[in-house]
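The values are calculated or read from the model by the stated rules, or taken from the named source; none is laboratory data. Because the structure is predicted, anything quoted here is derived from the model rather than measured. Heads up, the Cβs are rebuilt from the backbone with ideal geometry, glycines too, and the neighbour counts pull from every protein chain shown. To get the accessible areas, we keep the full protein, side chains included, count just its heavy atoms, and leave off ligands, DNA and RNA. Shrake-Rupley method; radii C 1.70, N 1.55, O 1.52, S 1.80 Å.
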Amino acid sequence: MTRSTDVVVVGGGQSGLAAGYHLRRLGLEHVILDAQAAPGGAWQHTWDSLRLFSPAKYSSLPGRLMPVQSGQTYPDAQHVVDYLADYEKRYDLPVQRGVWVEAVHRDGAFLRVATDGGDWQARAVVSATGTWTRPFLPAVPGRREYTGRQLHTVQYQSAVEFAGQRVVVVGGGNSGAQVAADLAHAGIDLIWVTQRPPRFLADDIDGRALFDHATARRRALDAGRTETGGVASLGDIVAVPPVRAARDAGLMAAKPMFSRLTATGVEWADGIAADVDAIIWCTGFRPALAHFSALRLRGTRGHIATTGTRAVDEPRLHLLGYGDWTGPASATLIGVGRPARDAARQIRELLR
Ligand code: FAD
């Protein structure tokens with residue numbers, strides 16, 4: 001049996017909920033299909049000590065401020081999960097859980113959304129599937145030869161399981177820095193490697209400033225002005241309290257990237273080697289877009305070509321939340337609201 005609605009939103013994390021909020025405001029019939037059994041999107045699966053890089057007030061979706069977490073300037077992931085669960089209840093968003101979207105097909109005037117629980121027919125689709133389900137590991141020589149444990153950020157839970165071990169953390173972004181700090185505080189024998197020397201943002205700069213910077217940059221580019229250097233010009237790592245404390249205690253001196261893995265560890269270009277028990281790859285993510293392969297949409301670097309949030313080759317499709325390419329800071333809690341609003345407005349025009 002095929003069900004029908006005006007808009008299917010694929011993914012019920014923060015981006016899918018922001019889409020639902022604006023679709024509801026405009027009175028557009030929609031359903032949000034989410035693979036998870038519970039609310040919270042990727043935040044349900046992050047490591048125990050993760051801290052947001054912005055205070056609660058600056059980590060809010062449209063319509064409702066995130067409440068302050070008692071005793072914490074930078075909330076933890078469970079606080080975000082609770083906020084998102086409350087958000088979808090408060091706005092009575094039509095989320096259907098435990099539904100995996102397998103593919104989206106063109107079907108005349110409609111898009112057909114095939115799921116493991118039957119098909120949906122829709123006049124527009126918003127994809128908000130995030131990146132968490134597509135961890136990225138770089139191709140480094142010897143990765144198959146190494147016999148120790150390798151894991152990606154998505155599998156890291158806490159330092160406890162590495163007690164007594166020597167661990168390499170790869171990556172100079174926020175995840176790498178936070179995981180390295182977590183291990184360092186727990187007294188784990190840590191080697192932190194980064195492709196270039198770690199660039200900590202000034203201690204008084206957090207996600208708020210990054211958001212303002214991303215917005216200003218996008219406005220400048222939209223107005224035809226030249227590249228302003230981007231968010232990356234400010235630095236890579238927000239000095240949230242655990243990171244700052246570890247850095248100030250001298251626990252986070254980074255080494256350059258090694259050149260290969262050996263059977264027992266890592267080796268640098270100068271021939272120096274280290275035996276290690278585990279390697280944690282904090283090396284980022286790619287957008288989860290496999291459900292669009294049947295649409296054959298143009299794009300580069302794993303992205304789909306968009307104008308704002310709308311797919312260039314399929315005007316009934318919007319992409320939300322994957323990164324700056326779908327709106328300034330759209331892969332953040334505070335940043336996804338505006339592109340979600342724009343997408344909902346464009347869909348209203350399309351359906352008229
Ligand atoms: P997700 O939260 O990943 O939600 C996508 C949902 O879609 C999931 O429930 C998933 O199961 C579902 N899904 C995927 N594929 C399908 C499918 N085919 N069918 C059905 N459902 C599907 N942002 C901030 O604002 N502040 C921070 O401090 C911050 N810290 C971060 C720290 C880390 C380590 C990471 C990785 C990100 C951080 N971010 C932060 C960025 C951002 O907020 C998150 O990446 C956010 O989870 C993105 O939300 P989303 O809704 O787009 O995707």
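Computed values, structure above
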read-out	value
Residues of region 176-208 satisfying the condition of being farther than 18 Å from residue 248 by Cα and small (Gly, Ala, Ser)	207
Number of the condition not met by residue 77 [criteria: (1) open to solvent by 20 Å² or more (accessible area, probe 1.4 Å); (2) touching a helix residue (DSSP H, G or I) at 6+ places or on another chain (Cβ under 8 Å); (3) within 13 Å of the ligand (Cβ to nearest atom)]	(1)
Residue match in region 284-292 (condition: more than 21 Å from residue 101 (Cα to Cα) and touching a residue at least 40 places away in the same chain (Cβ under 8 Å))	yes
Given (1) in contact (Cβ under 8 Å) with a residue 60 or more places away in the chain; (2) at negative phi, index of the condition residue 130 fails	(2)
Complete set of residues in region 160-188 that are among the small types (Gly, Ala, Ser), open to solvent by 10 Å² or more (accessible area, probe 1.4 Å) and outside any loop (DSSP other than H, G, I, E, B)	175, 184
Pairs with Cβ under 6 Å, 6+ apart, first in region 17-29 and not assigned by TED's automatic domain parsing to the domain that holds residue 39, second crowded, with 24+ Cβ neighbours inside 10 Å	none
Selection within region 82-97 - open to solvent by 50 Å² or more (accessible area, probe 1.4 Å) and part of a strand (DSSP E or B)	96, 97
Number of positions in region 300-324 that are in a loop (DSSP other than H, G, I, E, B) and within 24 Å of residue 84 (Cα to Cα)	5
Subset tally (residues that are touching a helix residue (DSSP H, G or I) at 6+ places or on another chain (Cβ under 6 Å), near the ligand (Cβ under 6 Å from one of its atoms) and open to solvent by less than 60 Å² (accessible area, probe 1.4 Å)) for region 51-70	1
Residue under evaluation residue 4, criteria (1) free of Cβ contacts under 8 Å to residues at least 40 places away in the same chain; (2) farther than 16 Å from residue 129 by Cα; (3) open to solvent by 10 Å² or more (accessible area, probe 1.4 Å), criterion not met	(1)
All positions within region 262-281 that are touching a residue at least 60 places away in the same chain (Cβ under 8 Å) and either part of a loop (DSSP other than H, G, I, E, B) or among the β-branched types (Val, Ile, Thr) (or both)	262, 263, 264, 266, 276, 277, 279, 280
Close pairs (8 angstrom Cβ cut-off, 6 or more residues apart or separate chains): under 20 Å from residue 137 (Cα atoms) and hydroxyl-bearing (Ser, Thr, Tyr) in region 182-196, assigned to a helix (DSSP H, G or I) and open to solvent by less than 20 Å² (accessible area, probe 1.4 Å) anywhere	194/176
Criterion (outside any helix (DSSP H, G or I), modelled with pLDDT of 95 or more and either within 14 Å of the ligand (Cβ to nearest atom) or of a type in the set (Asp, Glu) (or both)) met by exactly one of 27, 16, 12	12
Verdict on residue 47 being open to solvent by 20 Å² or more (accessible area, probe 1.4 Å), under 23 Å from residue 287 (Cα atoms) and within 12 Å of the ligand (Cβ to nearest atom)	no
Cβ pairs under 8 Å, 6+ apart, first in region 325-352 and among the charged types (D, E, K, R) and assigned to a helix (DSSP H, G or I), second within 13 Å of the ligand (Cβ to nearest atom) and open to solvent by 30 Å² or more (accessible area, probe 1.4 Å)	338/328
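Matching residues to (1) open to solvent by 70 Å² or more (accessible area, probe 1.4 Å); (2) in a loop (DSSP other than H, G, I, E, B); (3) within 15 Å of the ligand (Cβ to nearest atom); (4) assigned by TED's automatic domain parsing to the domain that holds residue 242:
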site: 99; (1), (2), (3), (4): no, yes, yes, no
site: 113; (1), (2), (3), (4): no, no, yes, no
site: 119; (1), (2), (3), (4): no, no, yes, no
site: 124; (1), (2), (3), (4): no, no, no, no
site: 143; (1), (2), (3), (4): yes, yes, no, no
